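Quick notes on the structure that follows.
Each reported figure results from applying straightforward, stated rules to the coordinates on display, with no laboratory input. None of the values given here were measured: they were computed from a predicted structure. Don't worry about glycine lacking a Cβ; one is built from the backbone with ideal geometry, like all the others, and counts go over all protein chains shown.
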Amino acid sequence: MSQDITHDEVAHDHHDHDHKPKGFVKRWLMTTNHKDIGTLYLVFALAMFMVGGAMAMIIRLELFQPGLQFVEPAFFNQMTTMHALVMIFGAVMPAFVGLANWMIPMMIGAPDMALPRMNNWSFWILPFAFTMLLATLFMPGGAPAGGWTMYPPLVLQGGHNVGFLVFAVHMMGISSIMGAINVIATIMNMRAPNLGYLNMPLFVWTWLITAFLLIAVMPVLAGAVTMILTDRYFDTSFFNAAGGGDPVLFQHIFWFFGHPEVYIMILPAFGIISEIIPTFARKPLFGYVSMVYATAAIAFLSFIVWAHHMFSVGMPLGGSLYFMYATMMIAVPTGVKIFNWVGTMWRGSMTFETPMLFSLAFVVLFTIGGFSGVMMALAPVDLQYHDTYFIVAHFHYVLVTGAVYAIIAGAYYWLPKWSGHMYNERLGKIHFWWSTISVNVLFFPQHFLGLAGMPRRIPDYSTQFAEFNMMSSIGGFAFGLAQVLFVYIVWKTVRGGEKATAQVWEGAKGLEWTVPSPAPHHTFSEFGPVDLSKLANGEKFSILSDIDEKDDKQK
Amino acid sequence: MQQNKQNRQKDNRKVLKLGIAGSLLMVGFGFALVPLYDIICDITGLNGKTGVLATSEVKEQAIDHTVTVQFDGTVNSDLPWSLKPQVFSMEVVPGKLYSTEYIAKNIAQIDVTGQAVPSVAPNEASIYFSKTECFCFTEQLLTSGEEKNMPVTFIVSPDIPKDINVLTLSYTFFNKSRLTAAQQAAAAEAHEKI
């Protein structure tokens, strides 16, 4: 999509430093520019969002009515598994890395990411990883069908797709870890010299913490899938009961990764929302420091609650009580965040452009997902909810109306900065209302299905679930169609439209709004102090940044 | 300015090295969870593996509560056998020795060697349950169509918490000939602990 920007914009560009490499290979395959790599990540994520979405459509189509209509149960299982893997590792995570690539250097006054060549590598691993993963769909025996959680012994019974799955996960892990190291190096070393940690926009803060989570848990997943691989092909018995192993061990290792992983997918979303709400409420973010601490607290808690995914597996009473209370504790820092967003809007002069609408929907709908999360944290009642559609409803509320809504909000918010054009506000609003109504029709009835006992990951169901499933499927098709509109809006905006100003939004604060729109190929090339008054938290914490500066001088 | 840039490059490389070291450390941590889990399970009985082989020391002491032991047996899908306990449950006094039998039958046309893996639920009861004699200690060969009674002698420790009134002893038989040499070695090692 950004190819067209080059053709359109090169003629208008008067920036001396704006020499983009010529030719497709040099510009995209060999790029080390954080903006180009950010674009690649975002385009890749959008493509994967559509692939994963198509799989979701097949799932909802089969579940439209009870009985088996369209696909074989084995293929249905492949769809549920691949939908999750593609959406988590292909859509949500790369989209956040893309946003980090585009925005973090511009937000902290850095000329580029700290390790640009590694940045190129960490992106270009991804298409290969997903080619490998998606290729299993066309192999004899089909794609992995044992669920994205890859529990043994089921995952080992699925033929040779296990090997492809494991190596694809390895590559995604390597890509994520390299991206995380890059983010940490950029934030720690590349900030403008007068920009202290507490001057940083919240998006930068949440990404810094996310990056640490990634480094801590992606290697653990790599270890777990390696054990799967050796159990399958090299006769080890990590999870094989006949050989003295224990399949439950996998669940512990997996969820030690898996729980921090869900925060990896939501913390950057918190950051995006914390950028957008102050802009359209025209007030600084309420409780900036408490937001930083709340993010760190959520990240810490994520490591000590993993077994709440395993209440039904069985554990001593003390274990159940511990994991129950620890999990419920996460509601405290999350509540701080929700409170601060509401506090930011309180008595603000709000306007409701598309990014703000998506952010408001995020606050409301993510909170619904949070509430069902607190319900599931209760060990005794979780036995009823476990592996039902209640769980499906919960994690889609936090991931679709949470993570995906934040990504869409961020895309609308920063698209004028990336492309130099305003998107069509009218179409944006249609996209918002269409999505928000349909997404609730899609996922809200699933709560009731789950409470009534409909298990997840099944292609057929008992007839008493028919009405809610039909409702959910209709919502699903409508939501899917709305995202095609989103792709159209993005495409139109990149192609042309009303010219965006540098500031773009009246109430926007932050260094990214001080550079022209579209952002030139190189920004902040002269490493030096920035105007802190342009930052939302620049002046408030300037004393702290003075201390930082003195520290730097002492070095 | 040039000085600055070199310093930053040095710092970036430092972060890169620390990041890679941290990642490798966490891979190690993932693998360290395997023995760590075994240790935690030995202490807590979390995975339902039964206690170490008990000597037949029977403590004659007054026990004021009994425990119901339920018996369960299944075969892995790779094994063409049937398995069922002779009795489905027993009322036992902790501290006393009891015996029962499982009946296994080979329903295949060929001879098959199987090996049983025991498990106790609830998990926290497993460390109070030990067997003095069990068909699960050795591999079992059944010729085609053969039916065999397999004895197990067990003792429930008098230290078992009062709130555990019912426990289940479950066996799963695996097809030993389907295991590779490496898996058999791992199984043998694991069975020494049972």
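Of all the options B:Tyr98, B:Tyr37, B:Tyr128, the one that moves most in a Gaussian network model of chain B with Cα springs shorter than 10 angstrom is B:Tyr37. Would you give the gap between the C-alpha center of the range A:232-271 and the C-alpha center of the range A:343-359, rounded to a whole Å? What the calculation gives is 40 Å, centre to centre.
The HN-Hα couplings worked out from phi for the range A:201-206 by the Karplus form 6.51 cos²θ - 1.76 cosθ + 1.60 (θ = phi - 60°) are x, 5, 4, 5, 4, 5 Hz, whole numbers, x standing for Gly and Pro. What you get for the range B:67-193, charging only the Cβ of Lys and Arg (+1) and of Asp and Glu (-1), is a dipole of about 80 debye around the Cα centre.
From the alpha carbon centroid of the range A:54-77 to that of the range A:363-396 is 24 Å. Taking other Cβ atoms within 10 Å as a rough exposure proxy, A:Val363, A:Val217, A:Val25, A:Val439 sort from fewest to most as A:Val25, A:Val363, A:Val439, A:Val217. With neighbour counts taken as other beta-carbon atoms within 10 Å, the residues A:His170, B:His65 rank, fewest first, as B:His65, A:His170. Please give the residues of the range A:52-76, grouped as numeric ranges, whose backbone N is less than 12 Å from a label point set 7 Å along the Cα-to-Cβ vector of A:Val487. Within reach of a label on A:Val487, which here means backbone N under 12 Å from a point 7 Å along Cα→Cβ, the range A:52-76 contributes A:52-55. Taking amide hydrogens as modeled 1.01 Å from N in the peptide plane, which residues meet the under 5 Å criterion relative to A:Leu63, leaving out close sequence neighbours? Distant-sequence amide H within range of A:Leu63: zero hits.
Please sort A:429-436, B:160-167, B:90-97 by packing, taking for each peptide the average over its residues of neighbouring beta carbons within 10 angstrom, highest first.
A:429-436, B:90-97, B:160-167
In this calculation the C-beta distance from A:Ser533 to A:His160 is compared with R0 = 45 Å, giving a FRET efficiency of 0.15. Helix-only arithmetic for the protein assembly as shown: the sum of -39500 (n - 2.57) across DSSP H runs with n ≥ 4, divided by the residue total, places the mean residue ellipticity at 222 nm at -18500 deg cm²/dmol.
Give the order of B:Thr138, A:Thr149, B:Thr172, A:Thr493 when sorted by the count of other beta carbons within 10 angstrom, beginning with the fewest.
Numbers: B:Thr138 10, A:Thr149 15, B:Thr172 20, A:Thr493 25.
The order, fewest Cβ neighbours first, is B:Thr138, A:Thr149, B:Thr172, A:Thr493.
Shape analysis of the range B:1-44 based on the Cα gyration tensor places the equivalent ellipsoid semi-axes at 41, 7, 4 Å, largest first. Using only side-chain charges placed at the Cβ, +1 for Lys and Arg and -1 for Asp and Glu, the dipole size of chain A relative to its Cα centre rounds to 440 debye.
Among the residues of B:116-126, the average count of other protein chain beta-carbon atoms within 10 Å of the residue beta-carbon is 2.
Considering every residue in A:526-532, what mean count of other chain Cβ atoms within 10 Å of its Cβ is obtained? Working shown, then result.
Working: counts 1, 4, 2, 0, 0, 0, 0.
What the average comes to for A:526-532 is 1.
Counting only other chain Cβ atoms within 10 Å of each residue's Cβ, the peptide B:173-183 averages 3.
The modelled label-to-label distance for the pair A:Ala54/A:Ala452, using points 7 Å beyond Cα in the direction of Cβ, is 3.2 nm. What separates the Cα centres of the range B:58-126 and the range B:132-194 is a distance of 8 Å. Taking the longest Cα principal axis of chain B as reference, the axis of helix B:2-44 is set at about 10 degrees.
Here B:Lys5 and B:Ile40 are evaluated by their C-beta separation; at R0 = 41 Å the FRET efficiency comes out at 0.25.
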